[in-house]
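Shown next, in structure tokens, is the structure this report addresses.
The values are calculated or read from the model by the stated rules, or taken from the named source; none is laboratory data. Quick caveat, the model's predicted, so the values are computed rather than measured. Here the Cβ is made from the backbone with ideal geometry for all residues, glycine too, and neighbour counts use every protein chain on show. To get the accessible areas, we keep the full protein, side chains included, count just its heavy atoms, and leave off ligands, DNA and RNA. Shrake-Rupley method; radii C 1.70, N 1.55, O 1.52, S 1.80 Å.
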Amino acid sequence: MIQKLLFTAGILLSMISCNKEPQTHSTPEQEEIKVEVPEFNADSAYHYTETQVSFGPRVPNTEAHKACGNYLASELRRFGAQVIEQEAILHTYDNKPLEAKNIIASYNPDMKNRVLLCAHWDSRPFADHDPDPKNHRTPIDGANDGAGACGVLLEIARQIGITQPQIGIDIILFDAEDWGAPQFEPQYSGGWCLGSEYWSNNPHKPAYTARYGILLDMVSAQGARFYKEYFSMYYANDIVKKVWETAHSLGYSEYFIDKRGGGIEDDHIPINQIRKIPCIDIIQHDPNNSHGFGDYWHTLQDTMDEVSTETMKAVGKTVMHVIYNEK
């Protein structure tokens, strides 16, 4: 099915002659412009999410991580993107080396008018917020925290491969976002967003830029709510407004809450601060939890049982309407 947004391109001009009834004419510039937006298939996004989780926890330096990375790059190529696999040795909060890979997929790569969509594809090596302390050193499935956002972006990539928007699109799946210092090692800090920090300092194209970026993180949980994240409003408030207004126009005000949330250390920070691209973060926020996220966050409960196609559709359809209406 094709969703159509109608925009009034001009006003009707009346031409009146002394011997004729009033006539209504319109020039090509004044005709209604119809923007065709492909339908976001949430079942497809769910399938891509489930496939990632089936590899096991996507923790750098593991076979599951390598296999999933190859899968993601292969799917993006299958969807017609020009794909670059940016490999690097990064270091954890306690200076352990990680074999990391950012996966960069470009559509219309030569166009200067571009928008960046991104998410992280790794999963957390520690369930350090699990209710059972015995699980704190166990890697998590990361169905919502990682795989769900990538599933949404894979479905968007599939649709772009069929029907191109009028702008260039880059989809970046960042690695090593979720290896921050765990709660059980309070002597350490930092270690988050390693892949996006590396890319921001070493973009896949020299002097790469985009008009703006949209980061997705934890966008597939049942009952998820997305508040206006603080740093997104600080660096790119006009993009926050554009996205939230689009979501509300599509009937998703229940998901996209018109209130400010907290400030999150996430992949959009180096994109804003280092790469100087205004980038927002669509991320689940739960003001009733002390950590601000869903109950599943950094626990062994972050499984496919928590994934909702309704939530994925609200996010995916909103993002697609944003990018397909850009010129």
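Checking each residue in region 208-242 for being surrounded by fewer than 20 Cβ atoms within 10 Å (Cβ to Cβ) and of a type outside the set (S, T, N, Q) picks out Tyr208, Arg211, Gly223, Arg225, Tyr230, Phe231, Met233, Tyr234, Asp238, Lys241, Lys242. Set side by side, the residues Tyr188, Tyr198, Tyr208 differ, and just one is of a type in the set (Phe, Trp, Tyr), farther than 30 Å from Glu36 by Cβ and either out of contact with any Asp or Glu (no Cβ under 7 Å at 6 or more places or on another chain) or not in a loop (DSSP other than H, G, I, E, B) (or both), which is Tyr198.
For region 254-278, a residue qualifies if it is among the polar types (S, T, N, Q) and in contact with a helix residue (DSSP H, G or I) (Cβ under 7 Å, 6 or more places away or on another chain), and exactly one does: Asn272. Among residues of region 236-256 that are closer than 28 Å to Lys276 by Cα, those with a Cβ under 6 angstrom from a residue that is β-branched (Val, Ile, Thr), sequence gap 6+ or separate chain, pair up as Ala236/Ile280; Ile239/Ile280; Val240/Ile280; Val243/Val322; Thr246/Thr318; Thr246/Val322; Ala247/Thr318.
Provide a single number: the residues in region 243-262 that are surrounded by 15 or more Cβ atoms within 10 Å (Cβ to Cβ), under 28 Å from Gln183 (Cβ atoms) and either more than 18 Å from the chain's Cα centre (by Cα) or at pLDDT 95 or above (or both). Of the residues in region 243-262, 1 are surrounded by 15 or more Cβ atoms within 10 Å (Cβ to Cβ), under 28 Å from Gln183 (Cβ atoms) and either more than 18 Å from the chain's Cα centre (by Cα) or at pLDDT 95 or above (or both).
One residue is enough: does region 177-185 have a residue meeting the conditions open to solvent by 10 Å² or more (accessible area, probe 1.4 Å), of a type in the set (Gly, Ala, Ser) and either over 18 Å from the mean Cα position of the chain (by Cα) or closer than 23 Å to Asn325 by Cα (or both)? Yes, the conditions are met somewhere in region 177-185.
Comparison of Pro131, Pro125, Pro60, Pro139 shows that the only residue that is more than 25 Å from Asp281 (Cβ to Cβ) and in contact (Cβ under 8 Å) with a residue 12 or more places away in the chain is Pro131. The set of residues in region 32-64 being of a type in the set (Asp, Glu) and open to solvent by 60 Å² or more (accessible area, probe 1.4 Å) consists of Glu32, Glu36, Asp43, Glu50, Glu63. A residue that is over 30 Å from Leu300 (Cβ atoms), open to solvent by less than 20 Å² (accessible area, probe 1.4 Å), touching a residue at least 24 places away in the same chain (Cβ under 8 Å) and part of a strand (DSSP E or B) can be found somewhere in region 159-168. Got at least one residue in region 295-316 being touching a Leu at 6+ places or on another chain (Cβ under 8 Å) and open to solvent by 10 Å² or more (accessible area, probe 1.4 Å)? No, region 295-316 contains no residue that is touching a Leu at 6+ places or on another chain (Cβ under 8 Å) and open to solvent by 10 Å² or more (accessible area, probe 1.4 Å). Summed over region 269-291, residues that are assigned to a loop (DSSP other than H, G, I, E, B), open to solvent by 10 Å² or more (accessible area, probe 1.4 Å) and either closer than 15 Å to Cys118 by Cα or in contact (Cβ under 8 Å) with a residue 24 or more places away in the chain (or both) total 8. Kindly provide the set of residues from region 65-119 that are part of a helix (DSSP H, G or I) and open to solvent by less than 50 Å² (accessible area, probe 1.4 Å), ordered by number. His65, Ala67, Cys68, Gly69, Tyr71, Leu72, Ala73, Glu75, Leu76, listed by residue number.
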